[in-house]
Amino acid sequence: MADDTTDTKSSNQMWGGRFASGPDAIMEEINASIGFDKKLFAQDIRGSIAHATMLAHQGIISADDKDKIVHGLNTILSEIESGNFEFSRQLEDIHMNVEARLATLIGPAAGRLHTARSRNDQVALDFRLWVKEELQKTEQMLTGLIAAFLDRAEEHAESVMPGFTHLQTAQPVTFGHHCMAYVEMFGRDRSRVRHAIEHLDESPIGAAALAGTGYPIDRHMTARALGFREPTRNSIDTVSDRDFAIEFLSIAAIAGMHLSRLAEEIVIWSTPQFGFVRLSDAFSTGSSIMPQKKNPDAAELVRAKTGRINGSLVALLTIMKGLPLAYSKDMQEDKEQVFDAAESLELAIAAMTGMVRDMTVNTARMKAAAGSGYSTATDLADWLVREAGLPFRDAHHVTGRAVALAESKGCDLAELPLSDLQAIHADITDKVYDVLTVEASVASRKSFGGTAPSEVRRQIAFWRARN
């Protein structure tokens, strides 16, 4: 996608003068973008129809020419959608491919379409429209993923599992509470998507090459026609801005990171050593030589997609970091990064939504693991503070001695005889056993946002209303 005033032009009837001889094969190869920007055909035609309609409304072109242009563009749209349109590398990009076909269909009227615009604001419009639509799609997909987690959280609001820090057993939580942690993560991703849509909701068309135009155009009219809140306010920034694409990639990278964290947990949980979940056959594969294996390939590939998305973000940041205002041909390299990241993100969200909905949760295995590793030690310390009046640091020390004793005996805290506990601290009574089970531990965490089933259900209700 080229600047109208500075590019070497391809050897076709659209160009004349000193560019008529055309580039050599190497220049054609590096200059052409039709191989990937044809993905913008619907946005390009939509923008051209809005532009032509505005030109006619302003008396810049005739109503008859506008009608011919709109009819021709709709014909081209049908041809592309049906697979009957032949894209030409010699015509460089989607804009010139559409305009050349339009000239064939309607004759000289096609040449009036480009009045009061440049390929610079045209590509900015096409790309911005595409990213906006992709963000809207991402918002819907994240809403579906959140809904899947809400269903699992509700199902397992009381299912006890170990909570981890440093991947070591920390305190008992519920699987429902763990699911709600991902609801919060993906909820933030969705908020970022919504903010990004608001940021980019300005129409670039009418900025022309970089300085605006002397024609009496109505940019507010085209903005409304294309579903934008308003037109952009500075023509130089308009044609040189790719913040909307970088913001999309940033959102995709953060969401991808969240998806990758979840994928890593699924990979771990589905191992025989953990056995917390079992993936459905739809999202796992077997081994070519080991018939007993069931590999979490979908989760592993979601984890890997994050690397591609991160690479796209770094690539576009690097492309843009040294560009002077306004347009530079470097910006042609923006689209493949965004297209690839969008495809990766869509696939990762879809796969993860399916895995969350289909996986079988082994609640018995989770509960057994929740009681390991002296996970109720903090509950013992809290009991000593609450019932025996010890300062927490003293209670922490007493609990540490109790854990060491249980470890030496090869038993859990709840299995230590009362006499052993009283030998460590005389004020311990048999009531302490009421807090040393994982169920009691979980039920006691009733602080706002805690893991108690009642609090998990409160947060589920909040998100149900919000989703």
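Brief remarks follow.
- Added length on full extension, which subtracts the Cα-Cα distance from 0.36 nm per residue, SER447 to THR104: 116.4 nm
- Considering only alpha-carbon pairs that sit under 8 angstrom and 6 or more positions apart, the relative contact order computed for the chain is 17 percent.
- For region 406-467: Kirkwood Rh in Å [reciprocal of mean 1/r, alpha carbons]: 14.0 Å
- At q = 0.13 Å⁻¹ the log10 of I(q)/I(0) for region 147-208 amounts to -0.52, computed by Debye summation with a single uniform scatterer per C-alpha, solvent ignored.
- The label-point distance for SER280 and ASP201, in a model that sets each label 7 Å from Cα toward Cβ, rounds to 3.6 nm.
- Crossing angle, helix 63-81 versus the chain [Cα axis fit, 0-90 degrees, rounded to tens]: 50 degrees
- Apolar share of the accessible surface for the chain: 52 percent from carbon plus sulfur atoms, 1.4 Å probe.
- Ordered by 1.4 Å accessible area with all protein chains kept, ASP420, ASP237 run largest first as ASP237, ASP420.
- With all protein chains modelled, accessible area of TYR433 [1.4 Å, Å²]: 60 Å²
- Solvent-accessible ranking of LYS321, LYS66, largest area first, probe 1.4 Å: LYS321, LYS66
- Subtracting the Cα-Cα distance of GLN136 and ASP420 from 0.36 nm times their residue separation leaves 96.1 nm of extension gain.
- Surface/4 of the Cα convex hull for the chain, nm²: 29.8 nm²
- Each label was represented as a point 7 Å from its Cα along the Cα-to-Cβ direction; for ARG393 and LYS321 these points are 4.7 nm apart.
- For the set LYS137/LYS367; LYS132/LYS305; LYS38/LYS68; LYS38/LYS66; LYS294/LYS446, the pairs lying more than 31 angstrom apart at their alpha carbons are LYS137/LYS367; LYS294/LYS446.
- When each of the peptides 252-260, 364-372 is scored by how many other beta carbons lie within 10 Å of its residues on average, the order from highest to lowest is 252-260, 364-372.
The values are calculated or read from the model by the stated rules, or taken from the named source; none is laboratory data. All values derive from a computational prediction rather than experimental measurement. Here Cβ is always computed from backbone atoms with ideal geometry, including for glycine, and neighbour counts include all displayed protein chains. Protein only, heavy atoms only, side chains kept; ligands, DNA and RNA dropped before computing areas. Shrake-Rupley method; radii C 1.70, N 1.55, O 1.52, S 1.80 Å.
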